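Here's the structure we're looking at; comments come further down.
The values are calculated or read from the model by the stated rules, or taken from the named source; none is laboratory data. Worth saying up front: this structure is predicted, and the values here are computed from it rather than measured. Virtual Cβ from ideal backbone geometry, glycine too; neighbours counted across all protein chains shown. These area figures cover heavy atoms from the full protein model, side chains too; ligands, DNA and RNA do not enter into them. Shrake-Rupley method; radii C 1.70, N 1.55, O 1.52, S 1.80 Å.
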Amino acid sequence: MLLFASVGFHAAAIGETSREAKNRWGLLAYIATGLQRIAELEPFSLELETESEIIRCKVTNVAVANLAPLHTLFAQGPTAVCGDDGKLDVTLIAFDGLGSGIGTALHLYRSGLSQNPASRDDIGFLPVTRATLRTDPPQRVLIDGEDVGETPVTVECVPRSLKVLVPAAPPSQSCDERKLDGLPELEVEPKDE
């Protein structure tokens, strides 16, 4: 994956939105499917195994992010998701019902926008280098928006594994640069030292 893997609510809502609805309504199609999914929402048991611990809890969504643009609301738990830090950022969400789901989504949006960590009790997050997610019952898994099956799934950060070719950066401008020409009624008088 390049961006993030999603398990639970987000994966189900995105995965169940029809191509026709996506083409016709865009983002609104995802919102409509998400609102329908909240009505059927049931938390699931998660066992999250990292390189150093095993975490068990009930959740409705898990995101494992290498990068997370702001529109990936459910990956906005930590202060910032950095793609070059050698870590994956796991966000665990345990909202319950429509009101809680909307409140959680708005909180995550504001957190991502301000780059402050999420502070709601129904949101947890941690950095890892490797995460194995086991769920009961099995949950749909999306990787970078594509359906790849069901849990269990293991995601591991492989630092510096993607080579990116970009144009050379433009030469930096000197702090001593100066442009005054063209200013109306310009007068420049040398100052006696």
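Residues in the stretch 151-163 carry Karplus couplings, in order, of 5, x, 9, 10, 10, 10, 7, 10, x, 6, 8, 10, 8 Hz; the curve used is 6.51 cos²θ - 1.76 cosθ + 1.60 with θ = phi - 60°, and Gly or Pro positions show x. Among the protein heavy atoms, those of residue 7 account for about 0 Å² of accessible surface (1.4 Å probe, every chain in place). Ranking 93, 54 by solvent-accessible area of protein heavy atoms (1.4 Å probe, all protein chains present), from largest to smallest, gives 54, 93.
Taking other residues whose beta carbon is less than 13 angstrom from the beta carbon of residue 131, and scoring Lys, Arg as +1 and Asp, Glu as -1, yields -3.
Of the residues 46, 2, 126, 162, ranked by 1.4 Å probe accessible area with the largest first, the sequence reads 162, 2, 126, 46. Among 125, 74, the sequence by solvent-accessible area, most first, with a 1.4 Å probe is 125, 74. When a/c is below 1.5 the answer is rounded, else prolate if a/b is larger than b/c, else oblate, so apply that to the stretch 91-153 with a ≥ b ≥ c taken from the square roots of the Cα gyration tensor eigenvalues. It is prolate, given that a/c is not under 1.5 and a/b is the larger ratio.
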